[in-house]
Amino acid sequence: MSLNHMENMPLNHSGPRGARRSSWKPWIICIAIVLILLVCFIIIFIFYPFQTANKPCLAKFELLTSKWQMTSRKPPCVNSLPEGKLKILQDGLYLIYGQVAPSTAYKGVAPFAVQLRKNEAMLQTLTSNSTIYDVGGTYEFHAGDIIDLIFNDEHQVLKNNTYWGIVLLANL
């Protein structure tokens, strides 16, 4: 048996002459660079200079008493202002927590609306009066920021079931 009748064919399928083949090497280099950058960002995030607050600093406002209850921390991280407002005294990462209980007996014309605000800009808005709401979240505040929780009408909420507070989580 002789193989003389077969043509000489190359084992690879080359494209037209002069055309460049795509290579897998640039892709591996790109993936390696992306992975290195990702690791760098993770390391920076882990070692970012957040320092956990070493002394507790928290304040809670109860609508029923219209007064702030604060921990005795020196120096304080917040200061109470009139009308239930709070002034931030230290830069930091804060947790705001609270509960708003709408009054089903309210029959006024103002629609139900509760706003958590920072320097009169909205951070969170609640607009339905069908259930009890949790308000808050984790926010970065700076010294001088003023935060408050406002209602369209104070008769829209049940004062004995509505409160909000703040806890300093980490100093910046």
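The values are calculated or read from the model by the stated rules, or taken from the named source; none is laboratory data. Quantities reported herein were computed from a predicted structural model and do not represent experimental measurements. Positions of Cβ are backbone-derived with ideal geometry, glycine not excepted, and every protein chain shown enters the neighbour counts. Note: areas computed on protein heavy atoms with side chains; ligands, DNA, RNA excluded. Shrake-Rupley method; radii C 1.70, N 1.55, O 1.52, S 1.80 Å.
Taking 0.36 nm per residue of separation and subtracting the Cα-Cα distance, full extension of the segment from Thr71 to Glu140 would add 22.8 nm. This model, with +1 at the C-beta of Lys and Arg and -1 at the C-beta of Asp and Glu, gives the range 81-123 a dipole about its Cα centre of some 100 debye. Near Leu123, the amide H atoms lying under 5 Å from its own belong to Leu116, Arg117, Lys118; only residues 5 or more places off or on other chains count, and H is placed 1.01 Å from N.
Sort His142, His155 from largest to smallest accessible area, using a 1.4 Å probe on the heavy atoms of the protein chains.
His155, His142
Val34 contributes an accessible area of around 90 Å² to the protein surface, as traced by a 1.4 Å probe with all chains present. Ranked by solvent-accessible area (1.4 Å probe, protein heavy atoms only, all chains present), the residues Lys107, Lys118, Lys87 order from largest to smallest as Lys107, Lys87, Lys118. When Val114, Val167 are compared by accessible surface with a 1.4 Å probe, the order from highest to lowest is Val167, Val114.
Using R0 = 35 Å, the C-beta based FRET efficiency linking Asn171 and Leu37 works out to 0.80.
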